[in-house]
Every structure is written in structure tokens, then in C-alpha cells.
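The structure appears below as C-alpha cells.
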Amino acid sequence: MFATQRREKILEALQRDKQIVVKQLARELQVSEGTLRTDLRMLEEEGVLERTHGGAVPARTKPVPAEPRYPSRSELNYEEKRAIGTKAAELVSRGQCIILDASSSVLELAKALVEHDYLTVVTNGLEAATILNQNPRINVILIGGILRSGSKTIEGVLGKSILEGIHSDLFFTSAEGLSVREGMTDFSLYEAELKKLMIASSSKTVALVDHTKLGRRSIATSAKMEDIDVLITDEGADPEFLRQLGTTEVLIAPYL
């Protein structure tokens, strides 16, 4: 009997009996105990069994270490974003046309608006569009463009022609950071350029920024400070930073 055939027999016996006794199996296979122990050692190195005193048992399954889980954008500072979104909904009136970006903060606003009547909502956020589309009295216009890999965000300026034909009352937006000098900044240049078009199509721009983003900046400016009419933030905002914002109206969203 060849070694490969012998080891197949060993594995068959192990599967059948859930253990191997060297003396007994050596007699069944008609090989020496020394040869069988060599086979068991090689099979143990392959990870299919574990040798014991006088035999072997199936290998124990080693637990696979869990991959570290990092919170998604929507999970970071969720309570602050929910409070800000609820506060922002107070600015929306029946019959208005509004533009929503695809940020996680503005998504909380979309959730707060789902029961509103007779709105027209223009957005590049697939999740916000899906939520608002549940209400037949809300007209949802989805901006075309490139679907960002691994996300529910459409970006790029392919929707420029749509935005140029829209006269929005309010544009609600967030960003990676907000600083006095650079304004609102994002990591994606394409996203920043799209937001500039949204600002140009709107009568008023409302920034939804939780306190952790104040004083921070990213790569590309999406809105200069003079473009921001209203800033809605949470109770954790630094009062000294807010005093530097000049004519921008500041609304503080109380924690819910």
C-alpha cells in the first residue's frame, strides 16, 4: 500500500471513529506502528489531526480572529447628527424645493422630513432618495453621475444640466471639516465640485456640522464661509470658534 493510500485510510478511520489507536490501526493496515506514527506526524503538520498518547484525534478548529470593525460614517457621532437633522427640519416649509447632499448628517435630516407634505427634494444621496420616496407627496429628483464605489453616493458634475434648471430654496450640506479660513472642505474633489453647483442653484445654504468637525479641514473646499447662510451644530461646539464666524447665523441643536 502506497503512503498516499495509507493516509487516506487513516483519515477515513478518523472520520468514522473520531479517534485513532495506533496499535489497532497498524494491525488493520498491516503496517508497523513506527510507519503509522510517521504518517500521523505528517498529517498533524498538515493540520488535519492532533496526535495523542497512543493515537490521534481530529484537529480542533482554531477560532478565526474577528476582523476589527470600524464605525461607518453614519455611526460616528450619531446622536449629534440626529439632533442636528431634527433641528434642520424646522427650516423646511410646505411646498419648498430643497437640495440635499449625500452626507450622513443630511441623511438624518431626510429621515426627519419623511412625513412632510408637498416637497421637491433634489439629492445625490441614494439612501436619502429611497427614504423620502416612501412619501408620495414628496417629489424626489435624483442627480445623475458616478456611483462612488462601496457607497450610496453619486458624485461628479454629470448632473450639472439638472442643477442649472433648478431654483432651490434651501441647500443642506455637510463636510469632512469646517474652518474659518477654508470654509467647508471634503476629501473628494468631485464631491466638492458638485456641492458648488448645488450652492449656485440655491437661494440659501445651510451647513449641518457636528462639533467634532469644527476647526478641521480636508483637501477640497466645497463652500466658502461667505456661502454659508446658516450653520447648525450641536451643544458640544466650541463657543470661541462660533464667535469667529462673522455674519453666519448659528443654530444650536439640543440633544434629543
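Within the set (i) 29.5, 102; (ii) 31.1, 94; (iii) 16.7, 46, the number that Rg and Dmax of the Cα atoms in Å takes when calculated for this structure is listed as (ii). Structure remark: mean-square fluctuation, Gaussian network model of the chain, C-alpha springs under 10 Å; the largest value among R82, R16, R148 belongs to R16.
Helices in the chain, meaning DSSP H runs of at least 4 residues, each add -39500 (n - 2.57). Divided by all residues, the mean residue ellipticity at 222 nm is -10000 deg cm²/dmol.
Close Lys pairs in the chain (alpha-carbon distance under 14 Å; sequence gap of 8 or more, or different chains): 11. Take each peptide in 22-32, 151-161, count the other Cβ atoms within 10 Å of every residue, and average; sorted highest first, the result is 151-161, 22-32.
Here's how it looks for A59: its modeled amide H is under 5 Å from those of L49, E50, which are all 5 or more places away or on a different chain.
In the assembled protein chains, I131 presents an accessible area of approximately 30 Å² (probe radius 1.4 Å).
Taken about its Cα centre, the chain carries a charge dipole of roughly 1100 debye when the Cβ of each Lys and Arg holds +1 and the Cβ of each Asp and Glu holds -1. Inter-part distance, the range 237-256 to the range 3-45, computed on C-alpha centroids, equals 75 Å. Between the beta carbons of E28 and T130, assuming R0 = 51 Å, the FRET efficiency works out to 0.20 to the nearest 0.05.
When all protein chains stay in place and ligands, DNA and RNA are ignored, the 1.4 Å accessible-area order of M225, M184, M42, largest first, is M42, M225, M184.
Note on the range 146-256: with charges restricted to the Cβ of Lys and Arg (+1) and Asp and Glu (-1), its dipole about the Cα centre is near 280 debye. What is the distance in Å between the Cα centroid of the range 112-164 and that of the range 187-211? With the range 112-164 and the range 187-211 each reduced to a Cα centre, they are spaced 14 Å.
Remark on S103: its backbone amide H falls under 5 Å from those of S174, a criterion applied only to residues 5 or more positions apart or on other chains, H modelled at 1.01 Å from N. For the range 118-251, list log₁₀ I(q)/I(0) at each q in 0.19 Å⁻¹, using the Debye formula over Cα point scatterers of equal strength and ignoring solvent, two decimals each. Per q value, in the given order, log10 I(q)/I(0) is -1.13.
The values are calculated or read from the model by the stated rules, or taken from the named source; none is laboratory data. Everything numeric here is computed off the predicted structure, so don't read it as measured data. Cβ sites come from the backbone with ideal geometry, for glycine too, and all protein chains shown count toward neighbours. Please note that ligands, DNA and RNA were not included when accessible areas were found on the heavy atoms of the full protein model with its side chains. Shrake-Rupley method; radii C 1.70, N 1.55, O 1.52, S 1.80 Å.
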